[in-house]
């Protein structure tokens, strides 16, 4: 499918995983978490997230090693285990999550530039000036990626290394400034009734913690382009462990510098506000510049991922054939145009809908829960059947336990997302049936099986409720 000059080495794959996860989320993490949870609930939430996401990382590693013929990650596991429509839905949901995530990054980027240049008219990143500038940036990235996957991946590696510098400096300063009495003050949030019970706090922070880990499957998406198949699993686990350590340190150290209410009131990127409190204005400027570099890299990573998921799923006829087209540089050109065209459309919608970074974050996160669930469920299925475990009973039991924990975690996330984002997800999943039907028509096959018809009916009902909710006003983006 690709020539050797476009193959990605372990370092590039790790950079894609880290670059995808360390985008804008970590720079806004102190405020995003504090808005929902106290220090005690945060510790519980990170414990659940750490275990859940670690098992998911192991699931992707196991599937990459045991099913090396399944290229494209995420969606292909759903297809192999649960049929064509589940596979398509996973590809569709992952793709939508990816490009909506890019929209949220654009909003955060220009919100940050608004902090640096308060008179430039960028506001919260969703003003007319911000959207025009975001559109220019979008198409610059588009034409950069058209030059080649490997070239874009190299630039992503450089930006990934560059953004680690301000993050490392923040952690060093925060360790020195950390005060245990600030961290333990109102440890369970009992003085703030708006936070709710500890369980409510944990549930409410979960979408944020999932958001900052989206991209954990980045190496799996590029498995067909990996120089060594074994590097896919290594990149996933190594990237996850490094990013988990960064995220937990940034979050918990911030809670030992400013109280929960102070953190919750910070403007994003809230890490800038925390560092400004310790060292003054230069700290905020350092973090803001770091965020701009980080977002540039993340936007590039996710632009690559958006195109690759459509190309990979079209290559095995899950998506229509026109998405398989590559240019002379082996870049899936039609997939890239479709992805960035929809990002452009959503940027315009953001202007009129006044959607904020946090709202877009929640929507993008809710869309990826289905692909994560089906990947975990497929790992359970392999272990239960004993498929690929014919002479390895001990490893089979270990992998089954890990996959079961990952599946339960995915179900918990759907619950944590709440009804609103479940319905909005259905509204975005429903139109995908058009492309699914086109792909099936190209193969001369019926669109749905009997069970798939029932599943699609459920999606349509959810989409109908969501559409009415948006019209009536009891749902909003």
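The values are calculated or read from the model by the stated rules, or taken from the named source; none is laboratory data. What you are looking at is a predicted structure, and each value in this text was computed from that prediction instead of being measured. When we count neighbours, we look across all protein chains shown, and the Cβ atoms used for this are built from the backbone with ideal geometry, even at glycine.
Overview of results
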read-out: Matching residues in the range 114-134 - criterion: being at pLDDT below 90 and in a helix (DSSP H, G or I); value: 114, 115, 116
read-out: Selection status of residue 448, buried (at least 16 other Cβ atoms within 10 Å of the Cβ) and in a loop (DSSP other than H, G, I, E, B); value: yes
read-out: Selected residue [part of a helix (DSSP H, G or I), under 27 Å from the mean Cα position of the chain (by Cα) and modelled with pLDDT under 90] from 427, 422; value: 422
read-out: Any chance residue 322 is free of Cβ contacts under 8 Å to residues at least 24 places away in the same chain and more than 16 Å from the chain's Cα centre (by Cα); value: yes
read-out: Residue in the range 44-51 that is over 26 Å from residue 436 (Cβ atoms), in contact with a helix residue (DSSP H, G or I) (Cβ under 7 Å, 6 or more places away or on another chain) and not in a helix (DSSP H, G or I) present; value: no
read-out: Test: residue in the range 94-108 that is at pLDDT below 90, in contact with a helix residue (DSSP H, G or I) (Cβ under 7 Å, 6 or more places away or on another chain), farther than 30 Å from residue 11 by Cβ and part of a helix (DSSP H, G or I); value: yes
read-out: Every residue from the range 318-334 that is in contact with a helix residue (DSSP H, G or I) (Cβ under 6 Å, 6 or more places away or on another chain) and either modelled with pLDDT of 90 or more or under 18 Å from residue 86 (Cβ atoms) (or both); value: 318, 319, 320, 321, 322, 323, 324, 325, 332, 334
read-out: Check on residue 366, farther than 30 Å from residue 136 by Cβ and in contact (Cβ under 8 Å) with a residue 60 or more places away in the chain; value: no
read-out: Single unsatisfied condition, residue 62 versus (1) more than 24 Å from residue 346 (Cβ to Cβ); (2) surrounded by fewer than 16 Cβ atoms within 10 Å (Cβ to Cβ); value: (2)
read-out: All positions within the range 137-175 that are out of contact with any helix residue (DSSP H, G or I) (no Cβ under 8 Å at 6 or more places or on another chain), more than 21 Å from residue 287 (Cα to Cα) and either at pLDDT 90 or above or buried (at least 19 other Cβ atoms within 10 Å of the Cβ) (or both); value: 140
read-out: The listed residue being crowded, with 20+ Cβ neighbours inside 10 Å and in a helix (DSSP H, G or I), out of 468, 415, 372; value: 372
read-out: Single match in 1, 53 (criterion: buried (at least 19 other Cβ atoms within 10 Å of the Cβ) and at pLDDT below 90); value: 53
